[in-house]
Amino acid sequence: MASSPQGKRNIVFVHPDLGIGGAERLVIDAAVGLQSKGHKVTILTSHCDPTHCFEEARDGTLDVRVRGNKIFPPSLAGRFSILMAILRQIALVLSTALFSSELKTLDPDVFFVDQLSACAPLFRFCFPKAKVLFYGHFPDRLLAQEGSGFMKHVKALYRPPFDAIESWSTGCADAIVVNSKFTRAVFRHTFSGMKTRDLKVVYPCVDTDTKEPAEQTAELWPGKAVLLSINRFERKKNLDLALRAYAGLSSEERSKSKLVIAGGFDSRVQENSQTLDQLERLAGELKLKHATFRGSDSSIESDESEVLFLLSVPDQLKRRLLHKASILIYTPQNEHFGIVPIEAMLLGVPVLATNSGGPLETIYDGRTGWLRSPEKIDQWTDVMRKPLIPSSADSLKTMGEKGCERVLAEFSHTKMTDSLDDEIQRLCRSTARRPKITPDWLYALMFCTVVAVVGGIGMAYFMSYVAVPKAREHDAWLESRVNALATATTSNGRNEL
């Protein structure tokens, strides 16, 4: 299949696990946007569960193909996730490029790779015609949990090879774009090879055409102010901050409100279950009445708990929650971008977020939301109290309107799509020298291997033809000398040894 005419390209997206999360939302939005530009788009992934993915990935909007997922599991006893992810991605490349003609049939002009860069050099080797565009969310080495106790020392030995692979394979991409200025600075600080690379910022987007619920339904929890948190159930999301701050409200204030902690929950991921268990225990310790539901459970509408944990929330319910929310609580620290605050601002919901990372670029403190230190829990409690004060209604409404204006101006689907399209067209036209695939450490390894082999051969030759004959000659001489002396002792009656 030849490349499409008039600048229309064949684009193959490669993403490890097409579940529900900010990175997955970006991939879906980028794929749909570039497809609307006339490009032929295909998504290759190692996993996509129809019950745990975005609608466009299962309703036929996008051509999603699961490949290389049958040999290696996502983890081993809940550990070694990065090793398994790399092996699964290698299997994906081999299954499409070597063991079938699928990649040849797709005939990509560009591979759009994100989150895991291990496949970049492999695709360049197997299909050198296509260029590789890597979208950087955040360095994986900085997202990995350090562990504690004995496991901390194990990880100190376990991680370096994977960090080296990440640095090398990311540098193999023909072009690199990142999701925020904060991430760009982190990339340049983390990877030595990025200091001289041109890292363009392409912000994630939200669908600015969808501002109303899919259908008119009864209001959730009438008469209550909803304080909403939307994040995956992971330790790094710092969700306990929302619970501790909410517990600072008086019992009367909590009776007029509800804290809803909703987000992606994958039963295959041990950390998701552990995080939920920890949050439920903390809610109990704080004496907060709480309940846990799957997002598809309709009984949540009649729930009377102060705190509600919602797992794997469908898009329709997520929109209903955002429309109902008085404020959005965004607790992660040093988040590389954060798409949920943008979704909330689009709907006029002010955002309370940590004063670090991506939110510093998306939220104007005091105008579209609040930026607060995660260490000052009382300040988070004070902001949570605002929707419960009638005199704050007008200021909150004005704040929401300004947030919506900012999203429409800076984070629209059209703007992101145009930026990515420009980068892809520039990349396809570029005749600049491509980054080398073989890293410097590989040359050093090859040199050491050659030295070891040559040294081994030389040692074997020396032992076979020099040392061993000399030793045998000496042994023969010594034996003859001993025999001669023994004979002399017998004849003379005395020992001359």
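Structure summary
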{"read-out": "Centroid-to-centroid separation of the range 1-73 and the range 415-432 [C-alpha atoms, Å]", "value": "18 Å"}
{"read-out": "Peptides 309-317, 333-341 ordered by average Cβ neighbours within 10 Å, highest first", "value": "333-341, 309-317"}
{"read-out": "Spin-label pair ASP365/SER101, simplified geometry with 7 Å Cα→Cβ offset, distance in nm", "value": "6.1 nm"}
{"read-out": "Inter-label distance, nm, simple model (7 Å from Cα along the C-beta direction), LEU286/HIS323", "value": "2.8 nm"}
{"read-out": "Which listed pairs, of LYS181/LYS256; LYS40/LYS237; LYS289/LYS376, have C-alpha distances above 29 Å, in listed order", "value": "LYS181/LYS256; LYS40/LYS237"}
{"read-out": "Whichever aspartates and glutamates have a C-alpha closer than 16 Å to that of LYS129, once near sequence neighbours (fewer than 8 apart) are set aside", "value": "GLU102, ASP107, ASP109, ASP174"}
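Every read-out reported here was derived from the displayed coordinates using simple, explicitly stated rules and does not represent laboratory data. As the structure is a prediction and not an experimental result, all values here were calculated from the model. Because the Cβ atoms are built from the backbone with ideal geometry, glycine has one as well, and the counts that use them run over all protein chains shown.
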